[in-house]
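Values in this text are rule-based calculations from the coordinates and carry no lab data. Keep in mind the model is a prediction, meaning the values are calculated, not measured. No Cβ is skipped: glycine too gets one built from the backbone with ideal geometry, and neighbour counts run over all protein chains shown.
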Amino acid sequence: MAGLELLSDQGYRLDGRKATELRKVQARMGVFAQADGSAYIEQGNTKALAVVYGPHEVRGSRSRTLNDRAVINCQYSMATFSTSERKRRPHGDRKSTEMSLHLKQTFEAAVLTNLYPRSQIDIYVKILQSDGGNYSAGVNAATLAVIDAGIPLRDYVCACTAGFVDETPLTDLCHAEESGGGTSLAMALLPRGGHIALLQMDARLHQDHLETLMEAAMTACKSISKVLDQVVRQHLQEVSALTGE
Amino acid sequence: MIKTEKVLHLKSSRGRKVRVVREHYLRERVPCYSSLCQAECANEGKVLSGDVTHYVVPDAGVARDFMEVLEFREIQGVVFTQTACQAVQHTRGRRQYNRLRSLLKDPRHDCVLFANEFQEYSFCPREKGEPQDKWQTRCVYQAAVWYHDHLAGLKPIVMITEDQAAVVEYGSLNRGVYILSTQEYLRTFWPGLQAAQELYCSIAQALQERGSEGTEREYTEHLPAEVLEAGIKSGRYVQGTLNVNKHRSQHEAFVRFESSSNKSTELNSDVLVCGGKNRNRAVHGDMVAVELLPKGEWRGRTMALTEGQGEEKGEETQSQVMPTGRVVGILQRNWRDYVVTFPPREETQSQSRNSQRILVTPWDQRIPKIRISTQQADILQDHRVIVRLDSWESTSLYPNGHSVRVLGRAGELETEVQTILIENGVHVAPFSEAQLREMPVSSSERPWTLDPEQVVTRRDLRDTHLVFSIDPLGCEDVDDTLSIRKLPPGPRGPRLELGVHIADVTHFVKEGSLTDLEARTRATTYYLADRRYDMLPAVLSADLCSLLGGVDRYAMSVMWDLDAQTLAVNKVWYGRTLIRSSYQLHYELAQALLDGDEADVPELVKLPPGKRDVQLAQLIEALETLTHVARHLRAQRDSGGALELEGVEVRAQLDQDKNITALVPRQPLEVHETVAECMIYANHWVARKIQESFPQQALLRHHPPPRQEFFTQLQDSARARGFTIDTRSNKALAESLDRAVDPQDPLVNRLLRVMATQAMSNALYFSTGACPVDQYYHYGLALDRYTHFTSPIRRYADMIVHRMLTAAIAMEKGAGPAKASASSKELEELAQHINNKNRAAQHAQKLSTELFQCLYFRDKDPQSDERCVANAVIYSTRANGMLVFIPQYGLKGAVYLKNREGEVVSVMQDGRCEWKAGSLLRSLDHISTTTASGTSTFNLFQHITVQISVQPSRCHSDTLHLEVVSSKPHRTPEPQGQTTPPQGTRGRSRLVQEVVRQAEEASQQAEEKRGRASRISREEREFRQSKVPNLYCLLEEVRELALLDITGCGVGLGSAAQPCSASA
């Protein structure tokens, strides 16, 4: 196949979206009762599950304890059935380790860790089905899970990817767009203040285009935050209805 | 926001079956791009017109196989569905798909793309087990139905398909949506479009034949794309473009590399591909991957001249071995339309016993014979036809193709000219009505007038400046005018103001308009030997844009404030102006005025004598100042190393009865150079301006320095006469060329200059963002920045530059950073396009000249006619012959000293030549033949007599054949005497020059040059728009004599004075 046409002349992408349209986002909070917080999110065909434990005492070696704030421990993994060919190593490979680190950095910037000195917060993210934008789905799910756990956050952390094709920024890339060459930029944003929690890009892009690309990613993150906010509110309504308050 | 649905796809990659899930989003509102839309779709850009009888929706199969039919501009209201487009993309590859895309983008074609698969109601998911083509047909039908409903049934929709089952199945389901087969559709709706029906039949036939092919393998299979890619990366294969040797198309082809990053350093030359098996179905121009053969099998290239298409046998003289390889795969086909000739009847019958398949011979010798199937072979014999290639299977010795359009009978003038155009990719349809509608009206009833708004915004030079133009006699597209006047003295002494005023074409042609698009595709006006194809409609090029005398015109001006003494530039002003040219002079008249001869200026004849003298004195003074300035500018450039180059041109002089009396070189007048120099100056300053304003995206023109190894032939030839040529820099080259003069034979210098020109590459347009600054240099003109600004009527590049200059001026006026009209990448692509078109135009012009040369000699009997015998000069030797130049006709050609029977030319006592058995010996500066009667030698630059005859060719163009008649000059070389201009006419200007010479030492050199024989600088040729007496007159006469049917030529008298020389 001679190179997919990522953006047609009429402005449609492979799956029928326009350049700045996001995939359909669906999410639920409180999917598991055992954990302190949990959430499930679908961004198009990318499905992620996030579970939060804590804050609790620091487990394992005591030396990691921080006296002024909580330690955030993240683990990212992908289910063996998440890709079109069965994945041999669901976690612990280089990519997952890197992703765990990214998640940790993101949430250290967002969680008010100084409220919980000498404690630990565990965030586990599992990708159940992968179709591009794994990092952003993971972040968004974890945000919901952290909220579900009742841990105070500075703001929602919303993540989204953006790519650049034919001088046009595309937002929320699917797998075909990510692997089709070209740039992919992942951004985690605290939308209210416009603070960037994490920005990552590992392909070449001309300096002139960076601004437009970031602009597009930010707009996308803000749209995601609206969706997440809605999910949280709906969840609260349901929960309060159940408890009869 | 969007409704979402998901579909499953199954696809295999790397051989394994992988299940891939893709999302598929559907939406309610998908623009329909029809002007009849009732639902207020967001239709942007191209919209289908409402005034057609129906809309036609081709299904996937039709779009895939019969797209060429749909390319006819007459077929309007075509709705391509996304399904059909994807089918084209997946099955026919990128090239075909890009063609479809450009078709959809082209505003001249009435067709749009409807994204049916993203529309909620027109999309239908593929059912389990449904074959792909059935599903596609269903999708397209669904889309057609939706389209019909969407337009509220205002237009009937016709869906065309090749699938007869579909016609039956869907035919009567819906009112207003009709299903027809393509053939039926063409027959019912376009009965007048015979060409489309013929094309349809020819493609259908080609498709049918493809299935029934033998299984015997003629060629090795090409390797799959992944293997090739990996091989190229690892350095195992070499990637490059295949170039077939024109004279040995069967055997020799070379592969030129694309990338310089070759891992193997030994490969710095081209790779030779020998023979058809090694070439493995690659056609000239294809991008191929080559595998090198082991060194033991490397061969050299053949050095001998070949006669016609004859197969040479026996021992061949070969150069040293060069890398040799074989084609293992084709990365990108580069097939275009080819002109072919049908064989005469006898051949047809022998070839087509089983079906109507015939082999046709392409006009281009580098292309192999093509097999096509047609039922019209009998009618079309000896006709020239346009053919497209379809495929070349490994089981077939020849490629398969189908015919597209019939040009006409071979040998007829119109056919031959069309052939030349098509072979060079020149498409010049008459301007369409829509384009002409964009033009301002100017007729005798409603004359065009100035727009008062423009009068306010433009600088008005009508009363303040004496503006005049100098052009060839009878020129009607006046691009450029000049003005010069004295300014009040400044602080540093007296000042002059030199102005160059160029027709403001971009005022009339807005960017993106239909006329602009058409001009962009043409890129230049095409000048053939007997006709001209304008870039812009005549109302602009000959009237509104043309800066005619005595009328108000818009112009784009550059004005320099110069110091009168040193001619240093104080200030430059660029801007739009309003001018009225006072005098429309021609070169001869201007020169006469300068020389002080009696001359009547037509504009002054009617004035009373007193007034006339005053005005005449004014004009002459302006001309003299201008000449003075131009000399200075020339001297400046000369000190930088500007070159005088030489091309070959034919000029004929006619008497009253239009008979050719002699062939004389045009008198090189100083005023030619004056005008050219001002234009070069304007171009240079505009280049500086736009480059400063848009450092990343300015369109400039550079002339890369030639590669030193190309000068070897020049140096060797010069050495034969005892001259040394220093080619280290352009200045050194110019000086050593000036020294290399043989007082007895002025042709020597001329030929050396021709050779120097040949060694150089062409000047090219480029975008400043795509090239490092040190490559901006113009080698020939010795300028660091150069562009084309002065001929917007006949060159598209000048129009781009005009727009850039306008933007730069706007930016300066504080409009903020003006929006760059195009990104550097787009501009670079555009520059490449213009370069290609210019090359095509030059080539077409050259071919048409050759065509007319052949016509000229065709009905002259070489044995008896005096005109077929001419004097020639040897300028290069080859293994079995030599290359000669015939100054009388400006012809170059090969003369053989050895024929196929192995006989060589032997010279008798009195100089006559005869064919005798013998041998041939070649060295660097002479070639000698040894026979029983003695040895005879031909030296470089020796004058010999040759006989010119025409070698007719049925499939290709006719060629001129030269045969040596005598080793002595034909007669006292009369043409040479004429190459030195008579001294008398130059006497006066010499005197004037003496004065200038003291002021500028450097200009002395230039003056000396000016006195010498007819060398015309390339730039001068460029700006001179026509020359009389000229080639055109000669050929016009030839045509009248030789051809009866010229009614179709459509060359008006107006164009008679217009043929231009090729732009450099």
Point to revise | Per-residue ³J(HN,Hα) for the stretch B:941-955, Karplus 6.51 cos²θ - 1.76 cosθ + 1.60, θ = phi - 60°, Hz, x for Gly and Pro | key: 6, 6, 8, 10, 10, 10, 10, 9, 9, 9, 9, x, 9, 7, 8
**Study point:** Förster radius 22 Å - calculated FRET efficiency between B:Val569 and B:Leu487 (Cβ-Cβ, nearest 0.05)
**Key:** 0.95
Practice item. With θ set to phi - 60°, apply the Karplus curve 6.51 cos²θ - 1.76 cosθ + 1.60 along the stretch A:47-63 and write out the HN-Hα couplings as whole Hz, x wherever there is a Gly or Pro. Key: 10, 9, 10, 10, 10, 10, 10, x, x, 9, 4, 5, 9, x, 5, 6, 5
Check your understanding: Points 7 angstrom from Cα along the Cβ direction at B:Thr521 and A:Arg86: gap in nanometres?
Key -> 5.8
Practice item. Please give the FRET efficiency for B:Val52 paired with B:Ala165, using the beta carbon to beta carbon distance and R0 = 35 Å, rounded to the nearest 0.05. Key: 0.80
Check your understanding: What net charge is computed for the residues neighbouring A:Arg154, neighbours being all others with C-beta under 12 Å from the C-beta of A:Arg154, Lys and Arg scored +1, Asp and Glu -1?
Key -> -1
**Study point:** Listed residue (B:Pro494, B:Thr506, B:Ile422) projecting farthest to the positive dipole end of the stretch B:401-551, Cβ model
**Key:** B:Pro494
Point to revise | Within-9-Å neighbourhood charge of B:Gln332 [Cβ basis; K, R +1; D, E -1] | key: +2
Exercise for review: Report the full-extension gain for the segment B:Glu901 to B:Ala617: residue separation times 0.36 nm, less the Cα-Cα distance, to one decimal in nm.
Suggested key: 95.1 nm
Study note, to complete from the structure: Once normalised by the length of the stretch B:713-797, the mean sequence separation of its alpha carbon contacts under 8 Å that are 6 or more apart gives a contact order in percent of 19
Exercise for review: Evaluate E = 1/(1 + (r/R0)^6) for A:Arg62 and A:Asn114, where r is the Cβ-Cβ distance and R0 equals 25 Å; express this FRET efficiency to the nearest 0.05.
Suggested key: 0.80
Exercise for review: Would you please state which residues of the stretch B:410-448 a label at B:Arg336 would reach in this model, taking the label point 7 Å out along Cα→Cβ and a backbone N cut-off of under 13 Å?
Suggested key: B:419-428
Revision key, fill the gap. Length gained if B:Glu624 through B:Asp149 is fully extended, taking 0.36 nm per residue and subtracting the Cα-Cα distance, is 163.4 nm
Practice item. List every residue whose amide H lies under 5 Å from the amide H of B:Leu331, counting only residues 5 or more places away in sequence or on a different chain, with H placed 1.01 Å from N in the peptide plane. Key: B:Met287, B:Val288, B:Ala289
Point to revise | Given A:Lys87/A:Lys226; B:Lys486/B:Lys813; B:Lys233/B:Lys369; A:Lys18/A:Lys226; B:Lys369/B:Lys892; B:Lys246/B:Lys846, the pairs whose alpha carbons are separated by over 25 Å | key: A:Lys87/A:Lys226; B:Lys486/B:Lys813; B:Lys233/B:Lys369; B:Lys369/B:Lys892
Check your understanding: Summing +1 for each Lys or Arg and -1 for each Asp or Glu, what net charge is found among the other residues whose Cβ lies under 13 Å from the Cβ of B:Arg94?
Key -> +4
**Study point:** the stretch A:25-244, relative contact order [Cα under 8 Å, separation at least 6], %
**Key:** 21
Check your understanding: Each residue of the stretch B:481-496 in order: what ³J(HN,Hα) in whole Hz does its phi give by Karplus 6.51 cos²θ - 1.76 cosθ + 1.60, θ = phi - 60°, with x for Gly and Pro?
Key -> 10, 10, 8, 8, 7, 8, 9, x, x, x, x, 9, x, x, 10, 10
Practice item. Could you pull out which residues in the stretch A:174-190 have an amide N less than 11 Å from a spot 7 Å beyond the Cα of B:Val18, following the Cα-Cβ vector? Key: A:176, A:179-180
Study note, to complete from the structure: Taking placed amide H atoms and a strict 5 Å upper bound, the residues 5 or more places from A:Phe164 or on another chain that come that close are A:Leu170, A:Thr183
Review point. Using 7 Å Cα-to-Cβ label points, what is the B:Arg236/A:Glu215 separation (nm, one decimal)?
Key: 4.8
**Study point:** Amide N proximity, the stretch B:426-445 versus B:His833 label position 7 Å along Cα-to-Cβ, cut-off under 17 Å
**Key:** B:426-429
Review point. When the helix-only estimate is applied to chain A (DSSP H runs of n ≥ 4, each -39,500 (n - 2.57), divided by the residue count), what is the mean residue ellipticity at 222 nm, nearest 500 deg cm²/dmol?
Key: -10500 deg cm²/dmol
Check your understanding: Given H placed on each backbone N at 1.01 Å, which residues far from B:Arg495 in sequence or on other chains put an amide H within less than 5 Å of it?
Key -> B:Leu487, B:Gly490, B:Ala564
Review point. Across the residues of A:17-28, average count of Cβ atoms on other protein chains within 10 Å?
Key: 3
Review point. When B:His943, A:His195 are ordered from fewest to most other Cβ atoms inside 10 Å of their Cβ, what list results?
Key: A:His195, B:His943
